[in-house]
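Inspection log for the structure reproduced underneath, given as structure tokens.
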Amino acid sequence: MAIVIEQEKKPTNWITIISIVVFVGIAFAGAYYLFFTQPQLLAEIGTPPRLQELNQLTQLKQFSPSTVVNSPSFMQLKDYSAPLVLPPSGRDNPFRAY
């Protein structure tokens, strides 16, 4: 009579199998969303009102600096700047010995 020794079967780790299936599902869903869905266009969402104002400013064709400089509100501005005094730069003769 022969003695048969069988190796003990390890129990199946269901948590590992389920986590692998979930990970593969998330990877496929992410790839589908990334490559096959159409993104929303910015024109469909709508532009903010501040950006529409900027668009109107860029549409201006003529800008005359003389109208700004001669305007009454510009004339009321006061100049508070101090005159610039330049410090002396270097020596009179840079080749002279110290």
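Computed from the coordinates by the stated procedures, all read-outs in this text should not be read as laboratory data. Fair warning: this is a prediction, and the values are worked out from it, not measured in the lab. Neighbour counts run over all protein chains shown; Cβ positions are idealised from the backbone, glycine included.
A few remarks follow.
- Residues of region 47-98 classified as surrounded by fewer than 10 Cβ atoms within 10 Å (Cβ to Cβ), in a loop (DSSP other than H, G, I, E, B) and of a type outside the set (A, V, I, L, M, F, W, C), total: 21
- Selection within region 51-70 - of a type outside the set (A, V, I, L, M) and under 32 Å from the mean Cα position of the chain (by Cα): Gln52, Glu53, Asn55, Gln56, Thr58, Gln59, Lys61, Phe63
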